Amino acid sequence: MTRQLLLAAVAASAIATAPAMAAEYGPGVSDTEIKIGNTMPYSGPASAYGAIGKAVGACFDMVNAEGGINGRKINFISLDDGYSPPKTVEQTRKLVEREEVLGVVTGLGTPSNSAVHKYLNQKKVPQLFVATGATKWGQPDKFPWTMGWQPNYQTEGRIYGNYLLQTKPDAKIAILYQNDDYGKDYVKGLKDSLGDKAEEMIVAEETYEVTDPTIDSQIINLQNSGANVFYNVTTPKFAAQAIRKVADLGWKPLHLLNSVSNSVGSVLNPAGFDKSEGVISALYQKDPTDPAWAGDDDYKAWDAWMDKYYSDGDKTDTFNAFGWANCHTIVQTIKQMGDNLTRENFVKQAASLKDFQAPMLLPGITINTGPNDFFPIEQMQLVKFDGKEWVRFGEVLSAGKETG
């Protein structure tokens with residue numbers, strides 16, 4: 001036997017007899033299960049968002065029915081925090097210390113996630129694809145265990161500001177916003193885009209607390225300012241109230257509504273389609289009520305999943321499309337982990353998504369992340385409500401692009 005053949009035979013024998021690489025497991029992982037946690041406002045002033053948690057759970061039901069991920073089923077533990085930060089702390093500690101989950105995903109709300117932000121990072125527990133667009137979720141240098149998912153609020157605010165500068169440069173803007181980081185982020189984005197003109201163009205600002213029963217008095221004050229643009233930075237309950245009150249007062253400003261409250265089923269329908277007509281917002285997902293998607297394979301897959309795994313869900317509710325797309329981002333991340341199912345690798349793979357096309361995102365919008373880029377989705381498209389559904393106009397935008 002030649003020396004080359006002998007070496008080849010020895011190498012082949014070594015490969016054949018070498019033990020398989022052992023799987024690496026973090027908390028919440030076994031040969032058959034991956035346990036992940038979540039907090040969601042199934043009750044309280046932001047309960048409309050609870051649809052997201054239900055959709056994510058139903059998505060994992062489908063994944064498990066189809067065999068799981070790499071042979072392991074997902075054990076998704078979703079707890080109600082009522083959109084109350086102290087309750088979020090309590091429920092998150094339960095997930096981490098009692099349930100010992102691999103990570104926490106899709107937590108809803110800026111104040112809620114803020115309450116556990118430092119805790120999860122100190123514990124080195126992944127806090128991934130949170131269901132809030134605050135810019136603080138994209139700081140890998142300071143909070144390497146936390147990542148956002150949707151476009152951040154400052155980016156969206158800048159898109160609205162750019163739109164006003166191009167189409168209504170003489171605008172007199174009245175702003176209503178939730179008095180927390182969520183609301184302030186949206187306002188900062190708008191002001192940043194307006195630049196030196198912000199002080200002149202913004203004629204009134206009002207805030208509200210999540211515990212307020214209504215925002216009627218704030219709307220009246222904003223109308224009295226003489227504004228011809230209303231920038232509505234509110235969560236679903238208050239968004240519906242604001243749309244109704246603006247219409248009831250006979251005030252007819254250009255109405256800009258933040259994307260976190262543009263669900264047809266959860267906001268515009270309760271507010272009244274007639275009163276919602278003309279409202280402008282921004283989307284990064286396919287709106288389930290838009291007939292343009294009726295023959296779309298992506299939509300048909302979502303529709304079939306709703307019928308089979310989430311039959312009591314509202315197909316007009318954008319939050320159910322959000323949960324579906326967010327869940328698939330989690331699934332893709334776990335697939336990329338292979339058998340290295342540690343908390344460290346969970347974050348590493350979340351920061352290694354390349355041109356991932358999550359279902360129900362608008363054409364041209366893909367998910368990309370990196371070690372220094374914790375903002376997965378960074379594009380949106382402006383839409384206008386015509387009394388029945390959202391109608392898209394212009395191009396897919398980022399904060400730095402013109403609205404066209």
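The values are calculated or read from the model by the stated rules, or taken from the named source; none is laboratory data. Keep in mind that what you see is a predicted model, and the values were worked out from it rather than measured. Note: ideal-geometry Cβ built from the backbone for every residue, glycine included; neighbour counts use all protein chains shown. For the accessible areas, the whole protein counts, side chains as well, though only heavy atoms, and no ligand, DNA or RNA atoms are used. Shrake-Rupley method; radii C 1.70, N 1.55, O 1.52, S 1.80 Å.
Taking G107 as the residue in question, decide whether it is within 27 Å of P359 (Cα to Cα), open to solvent by less than 10 Å² (accessible area, probe 1.4 Å) and either modelled with pLDDT of 95 or more or out of contact with any helix residue (DSSP H, G or I) (no Cβ under 6 Å at 6 or more places or on another chain) (or both).
yes
Tell me which residues, restricted to segment 122-145, are in a loop (DSSP other than H, G, I, E, B) and either open to solvent by 10 Å² or more (accessible area, probe 1.4 Å) or closer than 23 Å to D339 by Cα (or both).
K123, K124, V125, P126, F129, Q139, P140, D141, K142, F143, P144, W145
Picking from D296, D274, which residue would you name as being open to solvent by 20 Å² or more (accessible area, probe 1.4 Å), more than 20 Å from the chain's Cα centre (by Cα) and free of Cβ contacts under 8 Å to residues at least 12 places away in the same chain?
After applying the criteria, what remains is D296.
Test D287 against the criterion of being touching a helix residue (DSSP H, G or I) at 6+ places or on another chain (Cβ under 9 Å), within 23 Å of G107 (Cβ to Cβ) and outside any helix (DSSP H, G or I), and give yes or no.
No, not satisfied.
Scan (1) over 19 Å from Y177 (Cβ atoms); (2) open to solvent by 10 Å² or more (accessible area, probe 1.4 Å); (3) within 19 Å of the chain's Cα centre (by Cα); (4) among the aliphatic types (A, V, I, L, M) for the single condition V260 breaks and write down its number.
So the condition that V260 fails would be (1).
The rows are residues; the columns are (1) more than 24 Å from Y310 (Cβ to Cβ); (2) assigned to a loop (DSSP other than H, G, I, E, B); (3) open to solvent by 20 Å² or more (accessible area, probe 1.4 Å).
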site	(1), (2), (3)
G37	no, no, no
A58	no, no, no
G67	no, yes, yes
F76	no, no, yes
L120	yes, no, no
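Just to verify a result, which residue in segment 354-375, among those that are assigned to a loop (DSSP other than H, G, I, E, B) and among the small types (G, A, S), is surrounded by the fewest Cβ atoms within 10 Å (Cβ to Cβ)?
Among them, the one singled out is G364.
Please give the number of the condition T155 fails out of (1) modelled with pLDDT of 95 or more; (2) assigned to a helix (DSSP H, G or I).
For T155, the failing item is (1).
Please verify whether L95 is out of contact with any helix residue (DSSP H, G or I) (no Cβ under 7 Å at 6 or more places or on another chain), under 15 Å from N38 (Cβ atoms) and buried (at least 22 other Cβ atoms within 10 Å of the Cβ), treating the condition exactly as stated.
Yes; evaluated as a whole, the condition is true for this residue.
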